[in-house]
Amino acid sequence: MVCEKVTVVRGGVPVVRDLSVTVAAGEWVCLVGPNGAGKTSLLHAVGGLLPYSGRISVAGADAATAGERVLACRVGLMPQRPVVPESTTVAELVALGRTPHLPRFGTESDEDRRVVARCIERLCLDHVASRPATQLSGGELQRVVLARALAQQPQVLLLDEPTSALDIGHQQTVLELVDALRREEGLTVVAAMHDLTSAGQYGDRLVLLEDGRVAADGPAADVLRPDLLGRVYGARVDVVAGADGPVVVPLRPGGRTGHPVPRAGQRL
Ligand SMILES: Nc1ncnc2c1ncn2[C@@H]1O[C@H](COP(=O)(O)OP(=O)(O)OP(=O)(O)O)[C@@H](O)[C@H]1O
């Protein structure tokens, strides 16, 4: 995926500004940055959902001219705020991912049904497959929406905060599944993530956005620095070495004023 001097304007305001970023085939790049930095807007421009100026080439297609169907066969977007039609079951919602692959006026083939069943199984959704999607918990729905994007069998997967509603166990399950698909099928992944530690654990590179521009682009060790994160997020953090990469630890800006600082091992 190549973005060259991309600008996205929303409500008359440029929210992605002259941004250039390249993601190699099979690479996993995490978009990080504060609320409103432009992560969703960039993902939607790449997915053909928002107009932009500049050039975006994704899975060999020009996002502006490729056409909805061609783009949908190659690019899957897991949105941050999914729209769920009333009374649609989980299985039906996941099956919608096959739509771009169906012949015009055609129906699902055995292969389409097999892909849908496999995605439902891999996201541990068998037990809710026949339930209306509107009756799911936020985390269950998030997994359904990922299953729908995977059912598209895209070459490039765009994830907008894919684990924000998931408990820690499901976070790991989902991110490991995406990583497995990347290794098995050469999937390219671009994921907007707020969990900086997870972003560093799974991303080959982190692109830090600030006011619609790239503030930093590189491996986790180069981007997850307390001084840089402190400036861009206005947060006080520490970064410590972990087994799978840097671990970002939030610190209270003024410390725990008025409370005794516990000694290591002391119970509070
Ligand atoms: N429909 C819209 N009309 C006008 N402005 C919008 C619209 N949607 C988003 N914006 C603005 O565009 C800017 C970028 O928003 P965007 O959702 O891309 O940021 P983000 O980095 O994904 O944020 P978050 O981390 O909160 O999801 C924000 O200032 C936001 O208020």
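Over the chain, what percent of the accessible surface lies on carbon and sulfur atoms, probe 1.4 Å? The computed percentage sits at 52. Distances between placed amide hydrogens fall under 5 Å for Gly245 paired with no residue 5 or more residues away or on another chain. Close amide H contacts of Leu50 (hydrogens built in the peptide plane, cut-off under 5 Å, sequence separation of 5 or more or a different chain): Ala45.
Rg/Rh for the range 136-206 (Cα atoms only, Rh after Kirkwood) is 0.93. The order of the peptides 135-143, 28-36 by mean Cβ neighbours within 10 Å, most packed first, is 28-36, 135-143. For the pair Ser164 and Asp62 in one chain, pulling the backbone fully straight at 0.36 nm per residue adds 33.7 nm over the alpha carbon distance. Report note on the peptides 75-87, 242-254: ranked by the mean count of other C-beta atoms within 10 Å, highest first, their order is 75-87, 242-254. Distance between the pseudo-spin-label points of Ala235 and Arg114 (7 Å out from Cα toward the beta carbon): 4.4 nm. Distance between the modelled labels on Val9 and Glu184, one decimal in nanometres: 4.5 nm (7 Å Cα→Cβ projection).
Computed over the chain, the P(r) curve from all C-alpha pair distances, binned at 5 Å from the origin, holds 1, 6, 12, 16, 17, 16, 13, 9, 5, 3, 2, 1, 0, 0 percent per bin. Each residue of the range 156-168 is assigned a 3J(HN,Hα), and the resulting list reads 10, 10, 9, 10, 9, 6, x, 10, 4, 9, 9, 5, 4 Hz, derived from the Karplus form 6.51 cos²θ - 1.76 cosθ + 1.60 (θ = phi - 60°), x at Gly and Pro.
For Gly33, enumerate residues with amide H under 5 Å from its amide H, sequence gap 5+ or separate chain, H modeled in the peptide plane. The list, which skips near neighbours in sequence, is Leu209. Each part reduced to its alpha carbon centroid, the range 164-197 and the range 3-43 end up 19 Å apart. Surface analysis of the chain yields an accessible area of 50 Å² per residue, using protein heavy atoms and a 1.4 Å probe.
Built from the Cα atoms of the range 156-250, the convex hull projects on average onto 6.4 nm², one quarter of its surface area. The simple spin-label model puts a point 7 Å past each Cα toward its Cβ; for Arg55 and Leu102 those points are separated by 3.6 nm. The phi-based Karplus calculation (6.51 cos²θ - 1.76 cosθ + 1.60; θ = phi - 60°) puts the 3J(HN,Hα) values of the range 121-138 at 5, 5, 9, 6, 10, 3, 6, 10, 4, 9, 8, x, 5, 5, 9, 8, 6, x Hz, whole numbers, x for Gly and Pro. In percent, rounded to a whole number, the relative contact order of the range 78-178 is 41, using alpha-carbon pairs under 8 Å and six or more apart.
The values are calculated or read from the model by the stated rules, or taken from the named source; none is laboratory data. Only a predicted model underlies this, so the values are computations on that prediction, with no experimental measurement involved. Positions of Cβ are backbone-derived with ideal geometry, glycine not excepted, and every protein chain shown enters the neighbour counts. All accessible areas refer to the heavy atoms of the entire protein, side chains included, with ligands and DNA or RNA removed. Shrake-Rupley method; radii C 1.70, N 1.55, O 1.52, S 1.80 Å.
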